[in-house]
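To start, the structure under review is shown below, and the notes come after it.
Bear in mind these aren't lab numbers, they're just calculated from the coordinates by the rules spelled out. Computed from a predicted model, the values in this text were never measured in an experiment. Methodologically, a virtual Cβ is constructed for each residue, glycine included, from the backbone with ideal geometry; neighbour enumeration extends over all protein chains shown.
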Amino acid sequence: MKYRAFFRTAILGLLLSVNVVLAQGEATAIQKLFTVKASFPEITVVGVVVNPNESGAADRLKKINIAAASTGIQVVVAEASNLKELAEAFTNLVAQYKVQLVWVEGSDDLLNGKVSRDYLVKNATLKKMPLLAADPQWVDLGALMAVRKVDGKARLYLNTKAAKAIGLTYPENLAETADFFAAN
């Protein structure tokens, strides 16, 4: 057990110091999944919601599948190109595929619009489902977490109130490396 905690700390430290060439703010799929694995090792099945019509979606999905193979996390992809499909995708990921975390991947208006965000945050909380959001603003509004690139490094944003509401615990060493929201 002592070695597992050391290993998680070492992996998270490496992740947070890795430099990658990306648009400012965008973390790689591998950084996101390694952060999930290091922060919540009990999560082994992740559902990814993506808009197949968004520019670059196919390329991102390839990278997500490579990252999943590298981390040992099983990924289930659900496509949504409108609000009805988004609701169906979330429901299917949770009920049918029994994912342990829902990851919103993309930056288009459908997935990051207010209606979608409010729906996903509300329903993730009701279903006690961790939600990995594309933007730290979601974390401030109730999503569990977001991983972004800040000054060339992956940075975890964690909502402690959401973690408590869904019954998820996180390693104490995250306090050294994560930005916390709603910590009251």
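Please give the FRET efficiency for E176 paired with D108, using the beta carbon to beta carbon distance and R0 = 41 Å, rounded to the nearest 0.05. Plugging the Cβ-Cβ distance into 1/(1 + (r/R0)^6) gives 0.75. Give the lysines reachable from K37 as a straight Cα distance under 26 Å; neighbours fewer than 8 places away on the same chain don't count. The qualifying lysines are K2, K62, K63, K98, K122, K127, K128, K149, K153, K161, K164. Remark on V48: its backbone amide H falls under 5 Å from those of V76, V77, A78, W103, a criterion applied only to residues 5 or more positions apart or on other chains, H modelled at 1.01 Å from N. Among the trypsin sites (Lys or Arg not before Pro) found in region 42-120, those both in a DSSP coil and sparsely packed, with 12 or fewer other Cβ atoms within 10 Å of their Cβ, are K98. Quick one: check the C-alpha center-to-center distance for region 149-171 versus region 69-127, whole angstrom. Cα centroid to Cα centroid, the span is 18 Å.
Counting other Cβ atoms within 10 Å as a rough exposure proxy, the listed residues Y170, Y157, Y97 run Y97, Y170, Y157 from fewest neighbours to most. Entry note, region 93-184: relative contact order of 21 percent, from Cα contacts under 8 Å with a spacing of 6+ residues.
Order these by the 10 Å Cβ neighbour count, fewest first: I66, I73. Spell out each step's value before the answer.
Values: I66 13, I73 19.
The order, fewest Cβ neighbours first, is I66, I73.
Among D59, D179, sorting on how many other beta-carbon atoms sit within 10 Å of each Cβ, with the fewest leading, yields D59, D179. Distance between the modelled labels on K84 and K122, one decimal in nanometres: 1.9 nm (7 Å Cα→Cβ projection).
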